[in-house]
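Since every read-out is calculated from the coordinates, none of them should be taken as a lab result. Computed from a predicted model, the values in this text were never measured in an experiment. As a convention, Cβ positions derive from the backbone with ideal geometry for all residues, glycine included, and neighbour counts pool all protein chains shown.
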Amino acid sequence: MSKKFETQAINDEILDKLSLKNRYNFLNNNLMQVLTPDQFNFLKSVQRFCMRFEKKNDITHGPDEDIYDWVPAFGKKGYITRQHNFDFIDVDYKEWGLAYDFMRNLAIDLFDPQFAMGGGATVLAINPVYEHHDGVPVRQEALKDMITGQSPGAILITEPERGSDAVHMLTTCDEQDDGSFLLNGTKIYNTNAPKSEWVVAYATAEKNNGKTMAQFLINTNWEGFDVDRVNIPWVPKLY
C-alpha cells in the first residue's frame, strides 16, 4: 500500500484485511438471509461499482481528494437516490423504494462515509421538490440535475441564532407585487451548499411564526445568494 500520509498508525497486513471488498463481504454475510434475491443483487451491483470506481481512480479516501468530483459518476449510475422511480423526468429506475435505497446507502457509506453524508444532504433537498414539483419545469429541471448527479443539493434550515429549529426561524419571505418572493436571512452548516446549484431554503412570512413557514427552491446563481464554506474539522471533505 502506498503511504501518502505522514504517519501510518496501522500496519499493512491489517489494512489489507480492512479493504473495501472485505468490508462488503462482512456486510453481505449478515444481510443475505434477510434480503430478497433482487434486493441482494442490487446491493452487490452498487458494491461492484464502488470497488471498480475506487480502483480505477486510485482513491485512497485521504484528505486531499475532492469527493464532489465523484458525484456525476454516481449520479449517472442512478446511485444518488432510489426512493422513487422518477419516471416523470425520464429516469424511470427499475429498482426503487425504501429497501433499495437503504441498500444503496449501505454500500456507499462503507465506500466513503463523508461522500454518503453529502449524498444524504442532496436527498434532503430532493424530497420536498419531488413532493411539490407540480409539473413546474424549473422544479423538474432541479430534480433531474440533483438525481442524476449534475449538481449536489442542499437544504437550508439551520441558522446561527436558531439552530435547526424550523418553527422559530429568523429568515423571512416577503411576497412581491409580481407574485415572487424576496428572502432575507442567514443560514449556517448547510451541507453541500457551496457546491450546489440548487438549494431548498426554509423561511417564514413572520419571524418566529412557524405557521407561516414555506420552502423555496433557489438556483444559487441567482442574484443575492451568497455562500462561504464553514470548515468543520470532523468532516473535512464536506462543504
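The trypsin sites (Lys or Arg not before Pro) of the range 89-166 that meet both conditions, a loop assignment by DSSP and at most 15 other Cβ atoms within 10 Å of the site Cβ, are Lys94. Remark: Thr122, Thr158, Thr171, Thr212 ranked as Thr212, Thr158, Thr171, Thr122, counting other beta-carbon atoms within 10 Å and listing the fewest first. Distance from the Cα centroid of the range 67-88 to that of the range 148-188 is 25 Å (rounded to whole angstrom). Of the cross-linked pairs Lys94/Lys187; Lys211/Lys237; Lys94/Lys211; Lys144/Lys187; Lys17/Lys76; Lys17/Lys77, those separated by over 32 Å at the C-alpha level are Lys94/Lys187; Lys211/Lys237; Lys94/Lys211. So which aspartates and glutamates pass the test for Lys44, namely a Cα distance under 17 Å, with those fewer than 8 places away in the same chain ruled out? Result set, ordered by chain and number: Glu54, Glu95, Asp101, Asp109, Asp112.
Computed over the chain with a Gaussian network model linking Cα atoms closer than 10 Å, the most mobile of Leu31, Leu20, Leu143 is Leu31.
The region of the chain that goes longest without hitting one of the GluC sites (Glu not before Pro) in a DSSP loop, each with at most 15 other Cβ atoms within 10 Å, is 7-160.
In terms of its C-alpha gyration tensor, the range 1-134 has an oblate overall shape, because the principal axis ratio a/c (a ≥ b ≥ c, square roots of the eigenvalues) is not below 1.5 and a/b does not outweigh b/c.
Rounded to the nearest 500, the helix-only mean residue ellipticity at 222 nm of the chain stands at -11500 deg cm²/dmol, with each DSSP H run of n ≥ 4 adding -39,500 (n - 2.57). Principal-axis analysis of the Cα atoms of the chain puts helix 20-31 at an angle of about 80° to the longest axis. Taking Phe102, Phe88, Phe53 in turn, the Gaussian network model of the chain (Cα-Cα springs below 10 Å) assigns the largest fluctuation to Phe88.
Between Gln114, Gln33, Gln47, the Gaussian network model of the chain with springs among Cα atoms under 10 angstrom shows the greatest mean-square fluctuation at Gln33.
Using Cα centres only, tell me the gap between the range 15-49 and the range 201-239 in whole Å. About 36 Å separates the Cα centre of the range 15-49 from the one of the range 201-239.
Between the Cα long axis of helix 37-56 and the first principal axis of the chain there is an angle of about 80°, rounded to the nearest 10. Helix 137-147 and the long axis of the chain differ in direction by around 20°, with both axes built from C-alpha atoms.
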